[in-house]
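The values are calculated or read from the model by the stated rules, or taken from the named source; none is laboratory data. Every value quoted in this text rests on a predicted model; they were computed, and no experiment measured them. Please note: Cβ atoms are built from the backbone with ideal geometry, for glycine as well, and neighbour counts cover all protein chains shown.
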Amino acid sequence: MKKLRIWKTPLFLFCLFLGAKSLGGPSLAEGKTVSFPEVSGWKQAEKPQVFSPKTLYEYINGAADLYLKYDFQNLQVGEYRNDKKASVTVEVYRHQTPHHAFGIYSQERLAKANFLDIGSQGYSESMVLNFVQGPYYVKINSYNTGADDQEILLTFARQVAQNLEGPSSLPAILSSFPAEGKRKNSEKFIAKDFLGYSFFHSGFTADYELLGKKFKIFVIEGKNQNDCRDMMERYLKQTENLEKKSGEGSYRLRDPYHGEVDLYWQGKYIWGTMNLDDPNLRSTYFQYFESFFKK
């Protein structure tokens, strides 16, 4: 099996779907052995490979550091071949939480790809099908599968998804982002150093365009109210806005790296906008978040 992979993903003939069944094995959620599917007409080329955080670079040398930032736990790889010299590779990346799995998926997904109802969300393109489900990010790549490429990929994806535990929905906090103006599939989860600051441990963002304006909206979920207070105090100090007192409510300040940033702190949540200079529109979005998090 090749050690390094190009970032593409494949799957199997839909007509083979009815003939597919699962091989036995421990649950993926236990972080042990993947129950790779058995598909009629295809055979596993060799014993599945397993990579840990220490050995991930052996398989994806150029991208390992990014995956480690998203609390990567292990990778299990199964390769299939048929008698027509076609091949399919199934890569199952397990991360610490569904947030982290979605995060790495969101960094790699293509906004204009063909999105699919598979797992929590998936998409496909030529010789590639990627999806996320619970703490798992699955990448399926195909080679020499011809005109049936997409049907093959979809068959494998469905069978792999059946073997995975975890919620089949995206992180619930994504529903807090207002729909109006949001660019579809632009949501991302940043696992570390949100906005470039270590004290903002993580955050969700989405791209917006409305009334001729392009801007970003973000949400930071703290552990509790005190955690958010600490983040706000450190942010005010870091950006030299010392004249402002930390307390729940709205903030408008100058960030040396992001320009004008508007924030609102309520309970264990901090939300805000960047590059949105329309006060009425900004107020509308902030009121929406305030109502949402009071539920």
Which pairs turn up if I take residues in the range 277-295 that are among the β-branched types (V, I, T) and look for partners that are surrounded by 15 or more Cβ atoms within 10 Å (Cβ to Cβ) with beta carbon separation below 9 Å, at least 6 apart in sequence or on another chain? T284/P178
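Is at least one residue of the range 204-211 more than 20 Å from A111 (Cβ to Cβ) and either aliphatic (A, V, I, L, M) or at pLDDT below 95 (or both)?
Yes - at least one qualifying residue is present in the range 204-211.
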Which members of the range 133-149 meet the condition of being more than 24 Å from A191 (Cβ to Cβ) and touching a strand residue (DSSP E or B) at 6+ places or on another chain (Cβ under 6 Å)? N141, S142, Y143, D149
Would you point out the residue of the range 114-137, among those that are without any contact (Cβ under 8 Å) to a residue 60 or more places away in the chain and hydrophobic (A, V, I, L, M, F, W, C), that is nearest to R183 (Cα to Cα)? L116
Take V88 and tell me if it is in contact (Cβ under 8 Å) with a residue 40 or more places away in the chain, under 29 Å from S202 (Cβ atoms) and aliphatic (A, V, I, L, M). no
Do we have any residue at all in the range 218-239 that's free of Cβ contacts under 8 Å to residues at least 12 places away in the same chain and out of contact with any Leu (no Cβ under 9 Å at 6 or more places or on another chain)? yes
Hey, Y257 hits all of (1) assigned to a helix (DSSP H, G or I); (2) over 25 Å from K184 (Cβ atoms) but one; which does it fall short on? (1)
How many of the residues making up the range 87-105 are of a type in the set (G, A, S) and surrounded by fewer than 21 Cβ atoms within 10 Å (Cβ to Cβ)? 1
Restricting attention to the range 262-271, does a residue exist that is assigned to a strand (DSSP E or B), within 16 Å of L210 (Cβ to Cβ), in contact with a helix residue (DSSP H, G or I) (Cβ under 7 Å, 6 or more places away or on another chain) and touching a residue at least 40 places away in the same chain (Cβ under 8 Å)? no
Just wondering, is there one or more residues in the range 19-36 that are surrounded by 17 or more Cβ atoms within 10 Å (Cβ to Cβ) and at pLDDT 85 or above? yes
Within the range 227-244, is even one residue farther than 30 Å from K112 by Cβ and β-branched (V, I, T)? yes
